[in-house]
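Okay, structure first, notes after.
Readers should treat all values here as calculations from the given coordinates under stated rules, not as data from a laboratory. All values reported here derive from a predicted model rather than from experimental measurement. Cβ placement follows ideal geometry from the backbone for every residue including glycine, while neighbour counts extend to all protein chains displayed.
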Ligand SMILES: Cc1ncc(COP(=O)(O)O)c(C=O)c1O
């Protein structure tokens, strides 16, 4: 069936094509000058010191954890309500993710329950800026300082979001971003690690290129150099083809975010008059960028049935994201009741730059009707 109103649509124009053309014509398509340019632009945008472009946010998180020496026997506190890439990255280091429950309103890591999970093995905290709303970073940083823990921000969904006046991803030791198709700007797949710490930046760069110096760095050097492999790194580097799309997308970022905030307001108004659907809550400390617009469906409504009914009407919706602790791969004994409740009741509804108010009117009418039917079911 044709989806008249999809959940999302990336926004591209001729700018991406001309950037790509230049890279293809240049003959240098692996990591090189375009990646440098993309990194410089992200560095400037965020007002941070170092950016390292990688294949996706999962590899960004993996490298971030390796750079702070997370290893077997360590524990890392992870916001439970997240795409499981966050917990997976901890497992890649053979460490143990300890899932921490989230706040029922913001869906973000609840600082009040972090303390009880800290012990001698705890190495770091990973708050997630869920759906583009920054977590309560002041409280999280204070706990981290008190216990000498590192903070890695999973800012996969939050490029351009702000906590108070600071960009999400720039507050902890390291920030990790995603350019996956569902994110604010996209390169199809892609990621970025950012930090103000020179040592961590160097380590992450090295680990992203097999644990050796990068081909472009060697190309710039006049001397003949045979690289040395200093540690077990990965092939996590971003290509110049990917970065070409990234550079063009980054020029659109603020325009996209502004439009999405306007759309969010329109949805907020529409939902005010709707029974059984709760619009997203926004903390006064947050500039939410609405990577996704995720509502909560009342317990009396079958959310999965609702998703299927809406698809039949040409409106695509989706669950918000996942409760990590119930995923079998983790074999976790943690209890995160808020996260589980949000996992069961969340509904992501259409949100993207090109979405028009008239589309929202149609989608909202179908949503209201479907909820009416389901409340009697
Ligand atoms: C919170 C969160 N962290 C990490 C990731 C992984 O990002 P990527 O797909 O770029 O590896 C995602 C992707 O959806 C995400 O939502």
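Count the DSSP beta bridges whose two residues both fall in the chain, then state the antiparallel fraction as a percent rounded to the nearest 5. The antiparallel proportion sits near 60 percent.
Every helix of 4 or more DSSP H residues in the chain counts as -39500 (n - 2.57), and over all residues that averages to -12000 deg cm²/dmol at 222 nm. Highest mobility in the GNM of the chain, judged by mean-square fluctuation with C-alpha springs under 10 Å and restricted to 250, 17, 367, is found for 17.
Comparing 338, 197, 56 in a Gaussian network model of the chain where C-alpha atoms under 10 Å apart are linked, the largest mean-square fluctuation is found at 197.
Once the chain from residue 18 to residue 229 is taken as fully extended at 0.36 nm per residue, the excess over their C-alpha distance is 72.3 nm.
Quick one: among 217, 359, 74, which has the greatest mean-square fluctuation in a GNM of the chain with alpha-carbon springs under 10 angstrom? Between 217, 359, 74, it is 217 that shows the largest mean-square fluctuation. Taking 0.36 nm per residue of separation and subtracting the Cα-Cα distance, full extension of the segment from residue 329 to residue 274 would add 16.0 nm. Sorting 124-130, 371-377 by average packing, meaning the other beta carbons within 10 Å per residue, from highest down gives 124-130, 371-377. Computed over the alpha-carbon pairs of the chain, the distance histogram in 10 Å steps reads 5, 24, 31, 24, 12, 3, 0, 0 percent, short to long.
The stretch between residue 196 and residue 69, if pulled fully straight at 0.36 nm per residue, gains 44.0 nm over its current Cα-Cα span. Cα centroids of segment 304-334 and segment 82-150: 22 Å apart. Cβ-Cβ distance of residue 319 and residue 116, R₀ of 25 Å, FRET efficiency by 1/(1 + (r/R0)^6): the value works out to about 0.30.
Please find the FRET efficiency linking residue 377 to residue 104, where r is the Cβ-Cβ separation and R0 is fixed at 30 Å, and quote it to the nearest 0.05. Calculated transfer efficiency: 0.75. Take 99-108, 298-307 and order them by the average number of nearby Cβ atoms within 10 Å per residue, most first; the result is 99-108, 298-307. Taking the Cα atoms of segment 253-375, the ratio Rg/Rh between the radius of gyration and the Kirkwood radius comes to 0.99.
Rg and Dmax of segment 146-200, both derived from C-alpha coordinates alone, stand at 12.1, 39 Å.
Please give the FRET efficiency for residue 340 paired with residue 283, using the beta carbon to beta carbon distance and R0 = 22 Å, rounded to the nearest 0.05.
0.55
The peptide list 287-296, 59-68, put in order of mean Cβ contacts within 10 Å with the highest first, becomes 59-68, 287-296.
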